[in-house]
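Inspection log for the structure reproduced underneath, given as structure tokens.
The values are calculated or read from the model by the stated rules, or taken from the named source; none is laboratory data. Everything quoted here is computed from the prediction, not taken from an experiment. Cβ coordinates were reconstructed from backbone atoms using ideal geometry, including for glycine residues, and neighbour counts include every protein chain displayed. Protein only, heavy atoms only, side chains kept; ligands, DNA and RNA dropped before computing areas. Shrake-Rupley method; radii C 1.70, N 1.55, O 1.52, S 1.80 Å.
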Amino acid sequence: MTAREILKEYWGYDSFRPLQEEIVASVLAGHDTLGLLPTGGGKSITFQVPGLALGGLTLVVTPLISLMKDQADHLVERGIKAAAIYMGMTRDEVQETYDKVIGQHYNFLYVSPERLQTQMLLTKLPYLDIRLLVVDEAHCISQWGYDFRPPYLQIADFRAQLERFSANVPCIALTATATPDVVMDIGQKLKFRPGFEVHQASFVRPNLTYTVVRTDNPINELRTFLDKFRTLADETAETPGQRGSAIVYVRSRKKTQAVADSLTLWGIPATFYHAGLTAQQKEERQEAWMQGEIPVIVATNAFGMGIDKPNVRVVIHLDLPPSPEEYFQEAGRAGRDGLPATAYLLASPEALAGLMNNVQSSYPERDRIRMVYERLAYFFQLEPGYGMNRTFEFDIFKFCAAYRLQAHEVYNALRILTMAGYIRYVEEPESRSRIMFTCGKERLYHLEQFDAECQRIITALLRLYTGLFADFVRFSEDRIAAYAHLDREDVYQKLLLLSRFHVLHYVPARQLPCIYYPRPRLDTDEVVIPHNIYEDRMERDKVRAEAMIDYAFNNDECRLLKLLHYFGEQSEQRCGRCDVCTAGQDPLANAPERDTLRAMILSYLANNGATTTFLLLSRLGHPDILPKLLREMIANGELTLKNNKVEKCP
């Protein structure tokens, strides 16, 4: 099949989005390729389609555990064979996954970068038939990038070993945000071959308006914005799922709950989300927000990656992000449906002080970092020379209490120790329990030794889930408990019992982050924090923070242009919609904005017939512009108003 036929067959699309087809064609022509697509630009299609076209196995390297599992699950749902190997799996589970990928000719295998130099993968390499290598979140390979991850530097060595068994395997690297320095660094670090291609989409999102609001009382401004948003959503939506949604980003876990509680007291339904919640709490809150049951979620940057919700109308930053890269990525979660959306940044003296303090406190003194490394060894009872390839569950608050340390200092020490390669701190635990039957179907009819509760649990599993005899399936103990009329704890204990008797293999969700040792534990005086990890990165973080402060507190340039120039995109076309462009202007004075919104109104009415103004506001946004434009279009004879509904003139 051709690339377009594959797109239609598995995804149901007749055509590619802008730049997707060029990236796919580059890969199919055998070129190493760097694709830069903005958040929501459809990066996964650019390697999944050519992966199927090339045949064999596509190996996808990504640091995001939840994202790799979700993408693998989505491919399986489309009838495509895919699997993921990530931290938290046992050695037997990893071995079994490799065997299935090889024996059953899987199409896609997702792995974390740490896996690339493991003996098990290198041993399997001759049998994997890799035809395409994918590097997702490619900015992580660059020390100039905002999210540098040292294991990415191993990818070039892995490519060299891959060449021994599979010659001329193309590599596609993908990212949403990269400055020119990072773009150059990605190609060099991955050792792209001559003739490589770079395809970069414009960072312009025509439907997204960037607005900075200077305020001494950001929480009151937040309430004002969300009150207006909630009123429109409640009055126009027929069902919860039709409401637009909002994301409020803050920089601390404690603040997520405080802000969400305040909004709820003010009558604005909101929930909160951060990395410290249990897997069940995260899943429940994310699902309630995704379904529109709760329109507002207040979150740290732990929320949003891999979440594709099209009707986010508003993203509000209550605190200043540490860099334009992170701001652009988080703001870009608004308006993925192509309809008007707004990204508000509330710039306050408090937010400015918070950002400057965060840069300074992100780099504890070297002696303090070494002390944390030493205390970890005490905490895990790990002697020097031991611990290589071991993983330990890690409760940061219990650790801090045991050694009277501050969580913020410990977190940053762990981050620097991770970049230096001494440990790996994994904040993202296994979010869902997994299960697979290890006995044949016939044996299930002869399990008289187990009580009625076990029988009801087995029945529930078979009724609610498929594929349990072929592979691990992620499932919910709560769903099983509800079906079997049991308590969740009873389900947990019975599943452990059935696992001990080899009826099934049950892997409970990991609720805590973990520490992984890629090398043996060293004596404290052997721990060296390199200059490029400490001083160089601190200086680059300061430069990024200064760029963020300039964006938030300087009105010398259109907000969009300031972002475009930061990312190296040459443009002098003002957006005409941001707070800088509209200062002192009639909101309808900008012709491109007026024409775009007019076209959206006419298109919506053509497809949906007579519609109330409220419904148009809910669907198209821009409450400060749309009512005035409607009046203008009625006066011009383009529209008519009957029974409080607007419709196109015949």
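Ordered from longest to shortest, the equivalent ellipsoid semi-axes for region 312-360 are 24, 11, 5 Å, each the square root of 5 times a Cα gyration tensor eigenvalue.
For V298, nonlocal amide neighbours, meaning residues 5 or more places apart or on other chains whose placed amide H falls under 5 Å from its own, are V248, T271, F272, Y273.
Of the solvent-accessible surface of region 331-431, computed with a 1.4 Å probe and all protein chains present, 48% belongs to carbon and sulfur.
Where only protein heavy atoms count, and the probe is 1.4 Å, what is the accessible area per residue for region 388-448 in Å²? Please report the intermediate quantities before stating the final value.
Working: 3140 Å² over 61 residues.
Ligands and nucleic acids excluded, the result is 51 Å² per residue.
Taking the Cα centre of the chain as origin and charging only Cβ (+1 Lys, Arg; -1 Asp, Glu), how large is the dipole, in debye to the nearest 20?
640
Please calculate how many Å² of accessible area region 310-385 carries per residue, with a 1.4 Å probe and no DNA, RNA or ligand atoms counted. Write out the running numbers ahead of the final one.
Working: 2600 Å² over 76 residues.
The answer is 34 Å² per residue.
Using r as the Cβ-Cβ distance of V204 and E283, and R0 as 30 Å, what FRET efficiency do you calculate, to the nearest 0.05? Write out the running numbers ahead of the final one.
Working: r = 35 Å, r/R0 = 1.15.
Here the calculated transfer efficiency is 0.30.
Segment M120..E647, full-extension length gain: 183.2 nm, with 0.36 nm per residue of separation and the alpha-carbon distance subtracted. The length gained on full extension between Y465 and Q493, counted as 0.36 nm times the residue separation minus their Cα-Cα distance, comes to 8.1 nm. For region 332-351, the residues whose amide N sits under 17 Å from a probe point set 7 Å from the Cα of N220 along the beta carbon direction are 346-351.
In the neighborhood of A353, defined by Cβ-to-Cβ distances under 13 Å, what is the net charge if each Lys or Arg adds +1 and each Asp or Glu adds -1? Surrounding charge for A353 is -2.
Spatially, region 497-571 and region 393-448 are offset by 18 Å when compared through their Cα centroids.
Annotation: amide H of F469 within the under-5 Å range of F437, sequence separation 5 or more or interchain, hydrogens built in the peptide plane. Per residue, the average separation of C-alpha pairs within less than 8 Å and at least 6 apart gives the chain a relative contact order of 13 percent. Only protein heavy atoms count here; on that basis, with a 1.4 Å probe, R540 has an accessible area of about 40 Å².
Using a probe radius of 1.4 angstrom, the carbon and sulfur fraction of the accessible surface of region 44-163 is 47%. Computed from the Cβ-Cβ distance with R0 of 25 Å, the FRET efficiency linking Q161 to R474 stands at 0.20.
Less than 14 Å Cβ to Cβ from I219, Lys/Arg counted +1 and Asp/Glu -1: what total charge do the surrounding residues give? Mind dumping the intermediate values first?
Working: positive: R223, K255; negative: D216, E221, D227, D261, D319, E350.
So the environment of I219 carries a net charge of -4.
Please list Y10, Y210 from largest to smallest accessible area, probe radius 1.4 Å, with all protein chains kept in place. Intermediate values should be presented prior to the final figure.
Values: Y10 65, Y210 5 Å².
Ranked from most to least accessible, the order is Y10, Y210.
Q291 to D227: FRET efficiency via 1/(1 + (r/R0)^6), r the Cβ-Cβ distance, R0 22 Å, to the nearest 0.05? Don't jump to the answer; show the numbers that get you there.
On the way: r = 22 Å, r/R0 = 1.01.
The value I calculate is 0.50.
Of W289, W144, W11, W266, which has the most accessible area with a 1.4 Å probe, and how do the rest follow in descending order?
Numbers: W289 5, W144 125, W11 30, W266 75 Å².
Heavy-atom accessible area, descending, gives W144, W266, W11, W289.
Across q = 0.09 Å⁻¹, region 1-134 modelled as identical point scatterers on its alpha-carbon atoms has Debye log10 I(q)/I(0) values of -0.26, in the order of the q list.
Calculate, for region 457-568, the solvent-accessible area per residue in square angstrom, rolling a 1.4 angstrom probe over the heavy atoms of the protein chains.
Details: 5150 Å² over 112 residues.
Computed with neighbouring chains in place, this is 46 Å² per residue.
What do you reckon, how do R214, R333 stack up by accessible area (1.4 Å probe), largest on top? Intermediate values should be presented prior to the final figure.
Working: R214 105, R333 20 Å².
The most accessible residue leads, giving R214, R333.
Ranking request for peptides 156-165, 412-421: highest mean number of other beta-carbon atoms within 10 Å first, then the rest in descending order. If you can, show how the numbers build up before the last one.
Details: 156-165: 14.1, 412-421: 19.9.
The peptides rank, most packed first, as 412-421, 156-165.
Where the centre of each part is set by its Cα atoms, how far does region 129-151 sit from region 207-223, in angstrom? After rounding, the separation between the Cα centres reads 34 Å.
Taking the inverse of the mean 1/r over every pair of distinct Cα atoms in region 372-437 gives a Kirkwood hydrodynamic radius of 13.3 Å. Evaluated at q = 0.13, 0.24, 0.27 Å⁻¹, a Debye calculation over the C-alpha positions of region 432-500 (equal weights, vacuum) places log10 I(q)/I(0) at -0.32, -1.20, -1.53.
Considering region 169-320 at the alpha-carbon level, its Rg and Dmax are found to be 19.0, 60 Å. With 31 Å as the cut-off, how large is the P(r) tail for the chain, expressed as percent of Cα-Cα pairs? Tail fraction, whole percent: 58. In this structure the amide hydrogen of I130, modeled in the peptide plane, comes within under 5 Å of the amide hydrogens of L57, none closer than 5 places in sequence on its chain.
Lys and Arg at +1, Asp and Glu at -1: add these up for the other residues within a Cβ distance under 14 Å of E197 and post the number. Write down the numbers at each step before the final one.
Working: positive: R193; negative: E21, E22, D32.
Cβ neighbours under 14 Å give a net charge of -2.
Over all orientations, region 69-154 has a Cα convex hull whose mean projected area works out to 6.2 square nanometres.
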